[in-house]
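First the structure, in the form of structure tokens, and then the observations on it.
Nothing in this text is a laboratory measurement; each read-out follows from the coordinates by a stated rule. Remember, predicted model here, so these are calculated numbers, not experimental data. Cβ atoms come from the backbone with ideal geometry, glycine included; neighbour counts cover every protein chain shown.
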Amino acid sequence: MIKNKINYSQRKYVIGSIFILVAIILLTKLFIIQIVDDSYKQSSDNNTLRYIIQYPSRGKIYDRNGKLLVYNDAIYDLMIIPSQAKDVDTASLCKLLNINNEIYNNYLKKARKYSYIAPSIFISQITKEEYGRIAEMLYHYPGFYFQTRSLRQYPLPIAAHTLGNIGEVTKPEMERDAYYKLGDYIGKSGIEKYYEKELRGKKGIKITVVDVHNREKERYMGGAYDTLPEPGKDIILGLDAELQAYGEYLMAGKTGSIVAIEPETGQILAMVTSPTYDPNVLVGRKRGMRYNELLKDPDKPLINRAISGTYPPGSTFKMINGLIALQSGVMTANTAYPCSGPNSAPIKCTHYHNSHVRLYDAIENSCNPYFWQAFNDMMNSRRFGSQKNAFKFWYDNVTSFGLGRTVNSDIPFTVSGNIPKMEYYDKVYRGNWNAMTIRSLSIGQGEILVTPLQLANVAAAIGNEGYFIEPHYIKCFSDPNDSVSFEKHIININKKHFKDVKKGMQSVFEGDHGTARMSVISGITVGGKTGTAENPHGLDHSIFMGFAPVDNPQIAIAVVVENAGFGSTWAAPIASLMIEKYIKGSVVRPDLEKRVLTPNANEK
Amino acid sequence: MRSNNIIGKIDIWLLIIYLALVTIGLLSIYAAAYNEAHPHIYDMSQSYGKQLLFIGVSLVVGFAILLIDAKFFNAFAYVFYGLSLVCLLLVLVIGSKISGSTSWIQLGPISFQPSEFAKFGTSLALAHYLGKLDTDITQFKSKLIAYGIVFVPMLLVLAQGDAGSASVFIIFLLVIYREGVGGKILIGGLSAATIFILSLCVSKWYMMIGLVVIYAFFLLLINRTKKNIMLVTAILIAACAFVFSVDFAFYHILKPHQQTRINIILGKEHDIKGVGYNLNQSMIAIGSGGFSGKGYLNGTMTKYNFVPEQHTDFIFCTIGEESGFIGCFFLIALYLALMLRIIHLAERQRSAFSRIYGYSIACIFFFHFAINIGMTIGLVPVIGIPLPFLSYGGSSLLMFSMMLFVFLKQDANRMNIL
């Protein structure tokens, strides 16, 4: 062992030599790339590399007929690299940019705070005209340069809530996704938010060599390290621009909303919320200021009532109760219940009609006692064993229409409304409740709350006789390779029952006593139901839901006009005009249109 | 009192080099991640703030090691080794996947890489085994055990899919060589590596012709005894078999991303936007530093995150860009001084354990240093191993520091060994 040590200690020189040799190899290679080989360097010490982000064009948005809804317009951002912006003639630059010295210093401070070396936006969104004037003189000012960007433009002043808008990224958004840099734009609401990843495309980078005079001399290494921006995907919506515009026209001056759905596909044909605003308002440099103005507006135009307003559905809920009673087997469409008009108990009838009504008449006349008795029979039916089981049957079927939950699609910020659960009643009544306690449910009042979108979807499901596709905005991407699909929901109620209910809904328009007989459209069969939702805070809400044509419907619609009174007075005529507009392409009932447009809708 | 004694005997040069390296590392990480919004180097939300904390922890642990009895690490060498093997086995079961290989163990907020610990454990075990008085390294059994100590952890690391960290263990062959064996193995290994690289570049049929020419050359030169001819022929056959197996190994054992990295180094693939992107950006960053660099905090390549993983495996880019050839020269000289100083101190040890352990850590530092810098300048494939004391990362800094401080302790205690 001792011998070995003596013999082999010379090997330390071998190992030491290996260390030294490798260090020399590393230094040689470093010498080559750092000193000898120019291809790794910038062509001169005074030149700097400028990394210019190539912004992709954001995807355009079209309506279902190919009408352009959102496109991009070129706009220019004046960029600054603080470390290079030395020896700048501040006075002349301020004059060129039309700003005073104080603003200049503020902007500079902001840019420096972000980064001393990385570029940031000095002045954003300079118009084409200003750009031409400034760009000519900009070479005097090192560290400044222009970057092209696109601005959203809306050729039609409609569908502001559906389309949504874009705005500068916030700090948390930048932290969540490293793709975004200070000053970038990101979808803030609506389609722009949900399809942000598809619409935004992918940024590219152009590397150029810039000389001391701030002139771009050449592409760095012939553009070998450049990446091209990938444009965003274009989106085609299910929206019908004309129908949407017409809906907004009809709702102007009123508070409420319209939702129209294509029943077969679940696509939103129109989503009107009123009051609304012109999407072009939230574009450009004044976006922040105008957004705040809208936010403070007492009419709350930023709220999308179609998806976040909740209302008691009132009589429009009777079809669901009818369907569930039929499915439960306690009655048939021919079962007749007595009605004593205003003397009925426990719920009065608000319409005058003959006694002993069957399903069709009950829907046509919106007979409260009929639906109470049907509901009561179901709740007390022996086939469920207990009222709780009966209630569970009712609850499961109601929620299968998509009620009581948010929408699971590309429509952001939907609210769930409310369908009361058994646990709720157990808690409120300490388990001691029965059909009588919860009788308001039979006529769509009480704890039930729905959004106009949910109501339109119920109309679509009835029109489809037992199924609906989760309602959504998008029809397809313009690239056919990108498919979209949304869940199909089958409702566990016999198709035959739907046919009976639809027949009743048709007579709402066509029957002698139908609550919407004033709104009948020649040549189009319409099924629907009016409703008047009791509103504890003021005048009742006027509600309508329906579809047309009755067989294979092309449109399902829900209309809510807040504080406007009876469903038959406002909501039903508006819906019928919308249906006519969509199916026929134009409206030929100027009188009805005129009446709906009378400005005192809210005062009635 | 005793601890004061010990600290007085510490090799001051090694300590100075260590402190210089960690300081350069901290400043470089600060430069790589520099952001005016967080200008304070002690900002704990930033990587440099965390690195400062890791340095503090390493110094505390280092100081604690100096207070422990010097015989402790020799006595418990196998315990450390066994523990590191258990960790390596454990990582195969409960490890978390980070960039393609399962090599991390997550313990709440702390994640560490058992392969780092295994280098330390293996150094101790190898030094302990070879340093024992009853180990005769000329015996076949002893050689087998020595190689076994090295290759068992290596294979376990390889099983995690972390070929980069596994390759570090190869350097222990240099330690075994110092202790008197493996001269032939070292030469054989180097030849094998040469043949390996050549057979990836050149068609295997050309390789065969080349080998036969060399064979003929050897036959002319050597004493043509029957035994020698047999030996040279056997080597030729083995070399040919190796050429064929390389083909298989390259396409079947290496993962696609590793194949691509090797192909880029060999110049067979040009993919400056794909896998070659790191390398090219890294070379541009270093190359653009020129003779004297762009100045501290003035690097532009590194500012835009053009060089990925810049504060970890590619920290050398920041130094290359901002301090140029001068800075690189100084840094490489510093590493060389570190490694040569350790060897020098190792040779003056009275105990074989201390000597062998010293060689082990010198060689580990050397391998990391050579491969890490080599990969940033395109000399070796991009293998994700850190630059000792400089790269960002708590578990690697702590392990490297522990390795060094254990040696410092051994050296300071050398006079007490009879």
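Show me, bin by bin at 10 Å from 0, the whole-percent P(r) of the protein assembly as shown based on Cα pairs.
2, 9, 14, 14, 12, 11, 11, 11, 8, 5, 2, 0, 0
Just counting partner chain Cβ atoms within 10 Å, what average do the residues of peptide B:326-334 show around their Cβ?
Numbers: counts 1, 1, 5, 6, 0, 0, 6, 2, 0.
Taking the mean over all residues of the peptide, I get 2.
May I ask you to list the residues of segment B:398-418 whose amide nitrogen lies under 19 Å from a point 7 Å from Cα along the Cα→beta-carbon direction of B:Glu347?
B:408, B:411-412, B:414-415, by backbone N distance to the label point.
How large is the helix-only mean residue ellipticity at 222 nm for chain A, computed as the sum of -39500 (n - 2.57) over DSSP H runs with n ≥ 4, divided by its residue count, in deg cm²/dmol to the nearest 500?
-10000 deg cm²/dmol
Whose amide H sits under 5 Å from the amide H of A:Asn418, counting only residues 5 or more places off or on another chain, with H placed in the peptide plane?
Hits under the 5 Å cutoff: A:Gly404, A:Leu449, A:Val450.
Which listed residue (B:Gly358, A:Ile521, B:Leu133) has the Cα farthest towards the positive end of the charge dipole for the protein assembly as shown, taking +1 on Lys and Arg C-beta and -1 on Asp and Glu C-beta about the Cα centre?
B:Leu133
Collect residues whose amide H, placed 1.01 Å from N in the peptide plane, falls under 5 Å from the amide H of A:Glu218; neighbours closer than 5 in sequence don't count.
A:Val209
Quick one: order B:Thr260, B:Thr318, B:Thr194 by neighbouring beta-carbon count within 10 Å, fewest to most.
Ascending Cβ contact count within 10 Å gives the list B:Thr194, B:Thr260, B:Thr318.
So if we plug the beta-carbon distance of A:Ile20 and B:Ala75 into 1/(1 + (r/R0)^6) with R0 = 25 Å, what FRET efficiency do we get, rounded to 0.05?
The pair A:Ile20/B:Ala75 has a calculated efficiency of 0.10.
Using only Cα atoms and rounding to the nearest 10 degrees, what angle (0 to 90) does helix A:128-137 make with the longest principal axis of chain A?
Relative to chain A, helix A:128-137 is tipped by roughly 10 degrees.
Select from A:Tyr370, A:Trp433, A:Tyr352 the residue farthest towards the positive end of the dipole of segment A:347-450; place +1 on Cβ of Lys and Arg, -1 on Cβ of Asp and Glu, and compute about the Cα centre.
A:Trp433
With each label point set 7 Å from Cα along the Cα-Cβ vector, what nm distance links B:Phe248 and A:Asn408?
Taking the simple label geometry, B:Phe248 and A:Asn408 are separated by 5.2 nm.
With unit charges on the beta carbon (Lys/Arg positive, Asp/Glu negative), name the residue among B:Ala20, B:Met375, A:Ile474 whose Cα is farthest towards the positive pole of the charge dipole of the protein assembly as shown.
B:Ala20
If contacts are Cα pairs under 8 angstrom and at least 6 residues apart, what is the relative contact order of segment A:66-223 in percent? Each step should come with its number before you reach the end.
On the way: 225 pairs, mean separation 40.8, N = 158.
The normalised contact order for segment A:66-223 reaches 26 percent.
Exposure proxy check: A:Arg290, A:Arg358, A:Arg200 ranked by fewest other beta carbons within 10 Å?
A:Arg290, A:Arg358, A:Arg200
Normalised by the residues of segment A:24-138, what does the relative contact order come to in percent, with Cα pairs under 8 Å and at least six apart?
Computed value for segment A:24-138: 25 percent relative contact order.
Which log10 I(q)/I(0) values does segment A:49-237 give at q = 0.17 Å⁻¹ under the Debye formula, counting every alpha carbon as one identical point scatterer?
Rounded to two decimals, the profile gives -1.18.
What is the dipole size for segment A:49-237, taken about its Cα centre, with +1 at each Lys and Arg Cβ and -1 at each Asp and Glu Cβ, in debye to the nearest 20?
Taking the Cα centre of segment A:49-237 as origin, the dipole is about 300 debye.
May I ask you to list the aspartates and glutamates whose Cα is less than 17 Å away from that of A:Lys197, ignoring any residue fewer than eight positions away on the same chain?
Filter leaves A:Glu168, A:Glu173, A:Glu175, A:Asp177, A:Asp184, A:Glu230, A:Asp234, A:Asp410, A:Asp479, A:Asp482.
Can you give me the distance in nm between label points at B:Val57 and B:Ala20, each placed 7 Å from the Cα along the Cα-to-Cβ direction?
Rounded to a tenth, the inter-label distance reads 2.7 nm.
In whole Å, how far is the Cα centre of segment A:400-427 from that of segment B:160-211?
Cα centres, segment A:400-427 to segment B:160-211: 68 Å.
Would you mind working out the magnitude of the charge dipole of chain A relative to its Cα centre, with +1 at each Lys and Arg C-beta and -1 at each Asp and Glu C-beta, to the nearest 20 Debye? Working shown, then result.
On the way: 70 positive and 59 negative charges, 381 e Å.
The calculation lands at about 1840 debye.
By a straight-distance test (C-alpha under 27 Å), which lysines pair with A:Lys502 as possible cross-link partners, with residues fewer than eight away in the same chain excluded?
Straight-distance partners of A:Lys502: A:Lys318, A:Lys348, A:Lys392, A:Lys488, A:Lys529, A:Lys581, A:Lys584.
Are there any trypsin sites (Lys or Arg not before Pro) in segment A:386-478 that are in a DSSP loop and have at most 16 other Cβ atoms within 10 Å? List them by number. Before the final figure, lay out each step's value.
On the way: sites: A:Lys388, A:Lys392, A:Arg405, A:Lys421, A:Lys427, A:Arg430, A:Arg439, A:Lys475; in loops: A:Arg405, A:Lys421, A:Arg430.
In loop regions of segment A:386-478 (DSSP not H, G, I, E or B), the sparsely surrounded trypsin sites (Lys or Arg not before Pro) are A:Arg405, A:Lys421, A:Arg430.
Explain nothing, just the number: dipole magnitude of the protein assembly as shown about its Cα centre with +1 on each Lys and Arg Cβ and -1 on each Asp and Glu Cβ, in debye rounded to the nearest 20.
Numbers: 97 positive and 77 negative charges, 634 e Å.
Dipole magnitude for the protein assembly as shown comes out near 3040 debye.
Would you please give the FRET efficiency between A:Ala178 and A:Ile205, computed as 1/(1 + (r/R0)^6) with r the Cβ-Cβ distance and R0 = 22 Å, to the nearest 0.05?
After rounding to 0.05, the efficiency reads 0.90.
Could I have the simple spin-label model distance between A:Met137 and A:Asn552, label points 7 Å from Cα toward Cβ, reported in nm to one decimal?
Result for the modelled spin labels: 6.8 nm.
What angle, in degrees between 0 and 90 and rounded to the nearest 10, separates the Cα long axis of helix A:241-251 from the longest principal axis of the Cα atoms of chain A?
60 degrees
Could you tell me how many cubic angstrom of Cα convex hull volume chain A has per residue?
So the per-residue Cα hull volume is 268 Å³.
Can you give the angle from 0 to 90° between the axis of helix A:452-463 and the longest principal axis of chain A, with both taken from C-alpha atoms, to the nearest 10?
Orientation of helix A:452-463: about 60 degrees from the principal axis.
Provide the FRET efficiency to the nearest 0.05 for the A:His513-A:Ser586 pair, computing r from the beta carbons and using R0 = 35 Å.
Calculated transfer efficiency: 0.70.
Counting other beta carbons within 10 Å of each Cβ, put A:His356, A:His513, B:His128 in order, fewest first.
A:His356, A:His513, B:His128
Within segment B:343-394, which trypsin sites (Lys or Arg not before Pro) sit in a loop by DSSP and count at most 14 neighbouring Cβ atoms inside 10 Å?
B:Arg348, B:Arg350
Over what distance in Å are the Cα centres of segment A:245-292 and segment A:77-120 separated?
One Cα centre to the other: 40 Å.
Could you go through segment B:194-200 in sequence order and give the Karplus-derived ³J(HN,Hα) for each residue, using 6.51 cos²θ - 1.76 cosθ + 1.60 with θ = phi - 60°, rounded to whole Hz, and x for Gly and Pro?
Taking θ as phi minus 60°, the curve returns 4, 4, 4, 5, 4, 6, 7 Hz for segment B:194-200.
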